[in-house]
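Just so it is clear, none of the values below were taken in a lab; they were calculated from the coordinates. Here the structure is a predicted model, which is why all the values come from computation and not from measurement. Using ideal geometry, Cβ is built from the backbone for each residue, glycine included, and neighbour counts are taken over all protein chains shown.
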Amino acid sequence: MVGLSVKQKLVLNVPQCNQSARNLIQLHRRDPSNWLTYQHLIFLKRQYVTKNNNELHQRAIPKQAPALTIVNEREDTIERQVQRIPTIDPADRHTVSQPEDVNSEAQPGISTLKPVTEDAAEQRDSVSGTVGTSHETPHVHVETDKAKEERLDRQWKQLKVNVADLPDVYAKLAKIKLTALVVTSAAAGFAMAPVPFDPLLFFVSSLGIGLASCTANTINQYFEVPFDSNMNRTKNRPLVRGQISPLHAVSFALACGIPGVALLTLAINPLTGFLGALNIFLYTCCYTPLKRLSITNTWVGAVVGALPPVMGWTAATGCLGQGALLMGGFLYCWQFPHFNALSWNLREDYSRGGYRMMSVTHPSMCKRVALRHSLGLIGLSTLAPVLDVTTWTFPIISLPINLYISYLAFRFYREGDRGSARKLFFCSLWHLPMLLLLAFTCKKPRRDPRNPRSLFSPRSAKLTAFLNTS
C-alpha cells in the first residue's frame, strides 16, 4: 500500500517536474551570461565584453580569428586590421568558429524548443545582422613614424651586440662622462700641488685614476640591474637591455681595476694606489647598497667624489697635505647642490627603483643641505689663501660665482619646484670647472730650490726607470 501511494504521487509530480525543467532551460537561454561567467574556471583565456539586456557582462570564450598585422618593410609602417566582435547567442556557441554559416545552418535544438521569448528572437536577429555586416571594409589604422618610435621606446627588448659595438658598450659601462669628470678633478688636484709639473707623471696618474673609475662604475651597474630596469633614466643601460653578459661586464671591470690600482701603486706611490682601491670599495660596497637603505648614501657618495682631487695631489707630492684636503673639500661641498638638485626632478624614478634619497624621503632636508653646502663653498674659497694654497685674489674673484650658486640654492630652498632645481643643477655644471680654473690661476708659485728652471720633478726619473724596466 505504501509503495502504491508513493507511485501515485510520483506520477502526479511528473508534469510539474517537466515544467520546472522547461523553466530552467528558458532561464538559461534568457540570461546566459550569468551562467557562463568564468566558465570552467579558465581565467587565462582572453576576455571579451558582451552586451546583454543593457548590461555589461564578461565571459571567457575562444577568440574568433586573430587580428591580422600587415608589416610593410619598405615604408616601415604598421597597419592593423581591426575586426568587429559580434554578439553571440549562447545557444549557438558551437558555431562561432564558422560565422559565415550562421544564417544558413539549421539548429535542431532550437526547433524542438517552441516557447522562445521575444528577447531571444531579438538576439538572434542581432546576430544575423552583425554577421551580415561583417563583410564591410575593415577600419585600417596607420601608425605614424613618431607614434611608432614612442611605442618602441616604451617596450623592453633584448639587444645583441656586435664586436664593433663593444667600445660604445664599454663606454656606457664606465659612465664615460662621469669618468671624465673624475679625471678632470684629479688633474686639478695634481695641478694645484706645490711641485713642478711632470707631464709623464700626470699622464700615468690620470690613466690609473680613470681605470679605477671605470671599475667602480661597472661594478655599480652590475649590482643595480634589477633596480635600474624600473627607472626611465637607467633602463637603457647595457646590462639592463642584455647587450652584454654579467660575466663579460665583471671581466671588463677586473681588466680595468687590476692594472689601474697596480699602476697607481707601483708607478706613482702606494698612497695613491691605496686611495684608488679605497675609492672603488666605498663606491661599490658602501655607497651602492646604502642607496636602498639610508639617506646617508649621499654623504658617502660625496666622500667618494672628493677623493679624486686628493689622489691627484698625492700623485704629485707623494703625501697628504692641507691643500689636498682643501681640494677634496671643494668637491665634497659642490656635490650636494649638484646631486640634490638632480635627484629632486628624478624623485619618481628613484622611488620606483627603491632608492632612499633625501629628495624622496626627506625633501626639506634635501633643500637645506643643498643651501648649506653652497654657502660652504664661500668659506672654503676664503680658507684657500689662509692655507697658503692660493693668493688672496682667489676668494675675491670666485665670490661672484659662489654667491650666484648660493642664490640659486636659496631659491631652491624657498620654492622647492622643478624650475628652481633645474637652474641650480645646470649652474653646478659650469660652476665647478670655473672654480677650479680660478684656483689654478691664483695658485701660489712654487719652484724647486735645487733647480729653479727645471720643468720636471725629481720623481720623474724614478718613474721613467720603472717604465723602462717594465
For this session: Sort out for me the Cα centre separation of segment 167-231 from segment 283-320, rounded to whole Å.
Result: 12 Å
Exercise. Extension gain MET434-LEU399, at 0.36 nm per residue separation less the Cα-Cα distance, in nm?
Worked result: 11.4 nm
Seminar exercise, completed: If the chain between ALA262 and HIS362 were fully extended at 0.36 nm per residue, the gain over the current Cα-Cα distance would be 31.9 nm
Problem set entry | Packing rank of 404-411, 344-351, where each peptide gets the mean count of other beta carbons within 10 Å, highest leading | 404-411, 344-351
Exercise. By average Cβ neighbour count within 10 Å, what is the ranking of 142-150, 244-252 from highest down?
Worked result: 244-252, 142-150
Problem set entry | Cross-link pairs LYS148/LYS177; LYS148/LYS172; LYS175/LYS235; LYS177/LYS444; LYS172/LYS235 - those with Cα-Cα distance over 20 Å | LYS148/LYS177; LYS148/LYS172; LYS177/LYS444
Seminar exercise, completed: Any residue on another chain or 5+ positions along whose placed amide H is under 5 Å from the amide H of THR390 is listed here as LYS444
Problem set entry | Cβ crowding within 10 Å averaged over residues, with 220-230, 308-318, 183-193 ranked highest first | 308-318, 183-193, 220-230
Problem set entry | Contour excess over end-to-end distance, with Cα ends at SER251 and VAL163 and 0.36 nm allotted per residue | 30.1 nm
Exercise. What size of dipole, in debye to the nearest 20, comes out for segment 333-447 about its Cα centre when the only charges are +1 on Lys and Arg C-beta atoms and -1 on Asp and Glu C-beta atoms?
Worked result: 100 debye
Exercise. Is any residue of segment 320-342 close enough, with backbone N under 17 Å, to a label point placed 7 angstrom from the Cα of LEU383 along the Cα-Cβ axis, and if so, which?
Worked result: 320-337
